[in-house]
Amino acid sequence: MTADVDLAGVFVHPLLIAAFLAFMAAQAIGWAAGRMRLYRFVWHRGLFDVALTVILWAGIAAVLTGGAGAATLFG
């Protein structure tokens, strides 16, 4: 079990922080992909954005929690 993070007196679970960071990173990557016109190679932009966010969330969560979550899912 991971410990909660204290942010100005509010206890926040690390996975919520990981979700926020993943959303922000996905927005930045989506903006850059739009500027470089990479979305023309994507079949469904909405599905791509959601999948990118989920993949980033899993990666950031694994880093923040020490990888224990990924090991129990795929191990």
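Structure values in brief
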{"read-out": "Rounded if a/c under 1.5, otherwise prolate or oblate - the chain, Cα gyration tensor axes", "value": "oblate"}
{"read-out": "Relative contact order computed over the stretch 13-68 (Cα-Cα under 8 Å; 6+ residues apart), in percent", "value": "56"}
{"read-out": "Two-site FRET efficiency, Asp6 against Val50, from Cβ-Cβ distance with R₀ of 25 Å, rounded to 0.05", "value": "0.20"}
{"read-out": "Relative exposure of His13, His44, judged by other C-beta atoms within 10 Å (fewest first)", "value": "His44, His13"}
{"read-out": "Two-site label geometry, Leu38 and Thr65: point separation in nm, points 7 Å out along Cα→Cβ", "value": "2.7"}
{"read-out": "Helix 14-35 axis, angle to the chain major axis (alpha carbon atoms, nearest 10°)", "value": "10"}
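Bear in mind these aren't lab numbers, they're just calculated from the coordinates by the rules spelled out. This is a predicted model, so every value here is computed, not measured. Virtual Cβ from ideal backbone geometry, glycine too; neighbours counted across all protein chains shown.
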